[in-house]
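Remarks on the structure that follows.
The values are calculated or read from the model by the stated rules, or taken from the named source; none is laboratory data. Given the structure is predicted, the values throughout are model-derived calculations rather than measurements. Backbone-built Cβ (ideal geometry, glycine too); neighbour counts: all protein chains shown. Areas reflect the complete protein model, heavy atoms only, side chains present, ligands, DNA and RNA absent. Shrake-Rupley method; radii C 1.70, N 1.55, O 1.52, S 1.80 Å.
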Amino acid sequence: MEGIPITNMMLDDAMMMLKLTSRTFYIPISKLVPELREAVSSAYLCMRAIDEVEDDEKLPAPIKKELLLGAAEAMKASNVEEALHLVWQPHRDKLPEVTLRMNEWAQLCPASIAPTVYNYIRMMAEQMADWVGTSWHIRTEEDLDKYTYSVAGMVGEMLSDIWRWYDGTETDRDKAVAFGRGLQAVNIMRNRAEDKERGVDFFPDGWDLKDMLRYTRRNLKLADEYLADLKKGPARSFCQIPLSLAHATVNLIAVGGNKLTRDAVLKIVSKIK
């Protein structure tokens, strides 16, 4: 694919959308160097776009599957931006802005890494469609592993590919998957009440909070090892922020809390060099 010139306005729009959709990832992405910032912003916002479809409480499951599979196909098109626009167009009155503008987010990705990023977005959309089809029924820890891989573990793999593309940084891919899994497990615990309100429970059968805390901490321990293996540079700086916030959130949940305050987030981030 040919490179598309990225304007300051396009990047500003993307960063504004990041700020609106993720307090956890806006900060580390905003600190990344050019090229890396565009690649990770593009990937995150495209994945957030399809995540909004998966999580939508009003869209019927067949429509969700149709849209997710349509997005997956669009990522293979010769003109990805136009293909994405056509996928969302029939339902534009029901979809959030971050989803409707996925074609813009896709354009941010540098041409030399875009095929790799688009492939991960395609895989995630396909696997999300499968989970919609099963109503996210998670019976066992193996099911949970499959789900957390689908929506976050593969993000760890994608980031490993992005770090290698940018400066040759090599990473342990199993630990990269655990990095994504651990962050997702934190979200599962934090959002459990609202998920159950919409009829979805990501806890395996018979699991209580202690079981999910154990699962989360096991993955975060591997994520700590993933971070320790990274040389000093943009990859390490990026991963350190969400991982530190995840540990703090787990500790808060373990004592009956739920969500870090803005002040707590800023205090944690300020300590990271």
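Brief remarks on what is shown
- Taking 15 Å as the straight-line reach from the Cα of Lys64, the aspartates and glutamates in range (excluding those fewer than 8 positions away in the same chain) are Asp51, Glu52, Glu54, Asp55, Asp56, Glu73, Asp93, Glu126, Asp130.
- Along the chain, longest interval not containing exposed GluC sites (Glu not before Pro), exposed being DSSP loop plus at most 14 other Cβ atoms within 10 Å: 58-169
- In the chain, helical runs assigned H by DSSP with n ≥ 4 each contribute -39500 (n - 2.57); averaged across all residues and rounded to the nearest 500, the mean residue ellipticity at 222 nm is -22000 deg cm²/dmol.
- Only Lys, Arg, Asp and Glu carry charge here, each on its Cβ (+1 for the first two, -1 for the last two); on that basis the stretch 1-100 has a dipole of about 260 debye about its Cα centre.
- Of the residues Ile241, Met15, Ala61, the one whose Cα sits farthest toward the positive end of the charge dipole of the chain, with +1 on the Cβ of Lys and Arg and -1 on the Cβ of Asp and Glu, is Ile241.
- In this label model, Lys19 and Val33 are separated by 2.5 nm, measuring between points 7 Å along each Cα→Cβ vector.
- Think of each Lys and Arg Cβ as +1 and each Asp and Glu Cβ as -1; about the Cα centre, that makes the dipole of the stretch 210-273 roughly 120 debye.
- Overall, the ratio between the Cα radius of gyration of the stretch 81-132 and 2.2 N^0.38 Å, rounded to two decimals, is 1.21.
- Contour minus Cα-Cα distance for Asp172 and Glu73 (0.36 nm per residue): 32.7 nm
- Shown for the stretch 7-111: the carbon plus sulfur share of the solvent-accessible area, taken with all protein chains present and a 1.4 angstrom probe, equals 53%.
- P(r) tail fraction, the stretch 212-266 - alpha-carbon pairs more than 15 Å apart, %: 51 percent
- Between the stretch 1-74 and the stretch 237-255, the alpha-carbon center distance in angstrom: 23 Å
- Furthest towards positive pole of dipole, Trp105, Ile253, Thr148, structure part the chain, Cβ charges: Ile253
- Pairwise centroid distance, computed over Cα atoms, of the stretch 162-217 with the stretch 78-157, Å: 17 Å
- All lysines inside 22 Å of Lys58 as judged from Cα atoms, apart from same-chain residues fewer than 8 positions distant: Lys94, Lys196
- Difference of contour (0.36 nm per residue) and Cα-Cα distance, Ala193 to Glu225: 8.4 nm
- Both radii were evaluated on the Cα set of the stretch 171-273; the Rg over Rh quotient, with Rh as the Kirkwood radius, amounts to 0.99.
- Note on the chain: semi-axes of the ellipsoid equivalent to its C-alpha gyration tensor, largest first and rounded to whole Å, are 27, 24, 17.
- For the chain, relative contact order (Cα pairs under 8 Å, six or more residues apart, normalised by length) works out to 19 percent.
- When the listed pairs Lys175/Lys231; Lys31/Lys231; Lys31/Lys267; Lys232/Lys271; Lys31/Lys210 are checked against a 25 Å cut-off, the alpha-carbon distance exceeds it for Lys31/Lys210.
- Dipole axis of the chain (+1 Lys, Arg; -1 Asp, Glu on Cβ), positive-most option in Asn191, Val117, Val265: Val265
- Loop trypsin sites (Lys or Arg not before Pro), the stretch 17-121, which have at most 16 other Cβ atoms in a 10 Å radius of their Cβ (DSSP): Lys31, Lys58, Lys76
- A simple charge model with +1 on the Cβ of Lys and Arg, -1 on the Cβ of Asp and Glu and nothing else charged puts the dipole of the chain at about 1120 debye relative to its Cα centre.
- Within the same chain, aspartates and glutamates fewer than 8 places from Lys259 are excluded, and of the rest, those with a Cα less than 16 Å from its Cα are Glu194, Asp195.
- Point-to-point label distance, Lys210-Asp55, nm (Cα→Cβ direction, 7 Å offset): 3.0 nm
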